[in-house]
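**Q** Mind looking over this structure? Questions follow.
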Amino acid sequence: MKTAFSLVLKSNDYSGVLSYIKEAGFEGVEPTFHPDGIPSTGNFRKDAKLLKKEADRIGLEIPSMRGGPLFWQTFASESPAEREKAVALARDAMECLHMLGGNVLLIVPGRWEKGQSYLGLFENASQTARKIAPLAEKQKVIVGLENVENKFLVTPYEWCRFIDGIGSPFVRMYLDPGNIFFLNLGEPEDWIEDIGKDRICQVHMKDFVWDEKGMPAMRQLLRGEVNWKGIISRLNEIRYDGWMIAELPLPETGKMEFLKQTKDAINRLLRGET
């Protein structure tokens, strides 16, 4: 399995950050389609050329891209006009990702809000996904819908039903086992078995502990309570062989040390040494 690091890249320092990621031993980087980042939502064609050129120069792949914050409120909105904004944003993001040479676009499939019908949310999100699917097929990009803290699709059964309902190999699940843990939604290993290889397109890696107030706190990989040894074992059982992508906040100081620690933790997990 190849490894990458996921983050929001800033236009004023992306070159240095990419160099750190490469020096730490990662094979790739996962940028974010962000209004204030690179590539930006408003200037993505120019940004994609710059980012691709720099990544190629230092020898980093860009296998995927996070879709950014704008999908949270639009993807499953009760407003058809807002859902069309999600489709348009996905179209731009897919074009950008294609320019970057990647093939997995992470999208958050909406968010449940108080007073909103859950069944209505499910249907709205399904409609949007069905509109995005042919766009993804045209660009040869897989849309990876991620399990996040959005109070939506909170069981493996719902995920299987949702993905199967779209009926496209270009709309799948971007699995985040750490999010399953900190949302207290069961054991990530069991999710992996239920969802299966054909529905999982990519995997994020992060770690958490429960603090003294009973709240989840993010930690460096292998310094938390997420059963990553069991997760890797289950991924091996279903013969997942895609990218493993660390999604952790990069500190302001000590970036190089942090990245090397992260890469070392992933390597040990993949070798079965922990």
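The values are calculated or read from the model by the stated rules, or taken from the named source; none is laboratory data. None of these values were measured; they are calculated from a predicted model. Backbone-built Cβ (ideal geometry, glycine too); neighbour counts: all protein chains shown.
**Q** Check the range 10-22 and report whether any residue there is modelled with pLDDT under 95, among the small types (Gly, Ala, Ser) and either within 25 Å of Glu252 (Cβ to Cβ) or not in a loop (DSSP other than H, G, I, E, B) (or both).
**A** So far as the range 10-22 goes, yes, one or more of its residues are modelled with pLDDT under 95, among the small types (Gly, Ala, Ser) and either within 25 Å of Glu252 (Cβ to Cβ) or not in a loop (DSSP other than H, G, I, E, B) (or both).
**Q** Name the single residue, out of those in the range 78-132 being within 20 Å of the chain's Cα centre (by Cα) and part of a loop (DSSP other than H, G, I, E, B), that is farthest from Phe162 (Cα to Cα).
**A** For the range 78-132, the residue satisfying everything is Gly101.
**Q** Of all residues in the range 197-222 being in contact with a helix residue (DSSP H, G or I) (Cβ under 8 Å, 6 or more places away or on another chain) and part of a loop (DSSP other than H, G, I, E, B), which is nearest to Val148 (Cα to Cα)?
**A** Checking each candidate, the answer is Lys206.
**Q** So which residues in the range 14-30 are of a type outside the set (A, V, I, L, M) and farther than 19 Å from Gly68 by Cα?
**A** Ser15, Gly16, Ser19, Tyr20, Lys22, Glu23, Gly25, Phe26, Glu27
**Q** Quick one: how many residues across the range 4-41 are within 20 Å of Arg57 (Cβ to Cβ) and within 17 Å of the chain's Cα centre (by Cα)?
**A** 13
**Q** Pick from Leu7, Leu70, Leu50: which is under 24 Å from Tyr240 (Cα atoms) and at pLDDT 95 or above? Even if it seems obvious, please write down each step before you answer.
**A** Values: Leu70 fails: under 24 Å from Tyr240 (Cα atoms); Leu50 fails: under 24 Å from Tyr240 (Cα atoms).
Only one candidate passes the filter, namely Leu7.
**Q** Another question about this same structure. Condition first: small (Gly, Ala, Ser) and surrounded by 13 or more Cβ atoms within 10 Å (Cβ to Cβ). Now tell me which residues in the range 220-274 satisfy that.
**A** Listed by number, the residues that qualify are Gly224, Gly230, Ser233, Gly242, Ala246, Ala265.
**Q** Can you say whether Asp241 is under 19 Å from the mean Cα position of the chain (by Cα), under 22 Å from Lys2 (Cα atoms) and in contact (Cβ under 8 Å) with a residue 60 or more places away in the chain, as far as the supplied structure shows?
**A** In short, yes.
**Q** Search the range 61-77 for residues being over 30 Å from Glu123 (Cβ atoms) and crowded, with 19+ Cβ neighbours inside 10 Å, and hand back the single one that is farthest from the chain's Cα centre (by Cα).
**A** Ile62
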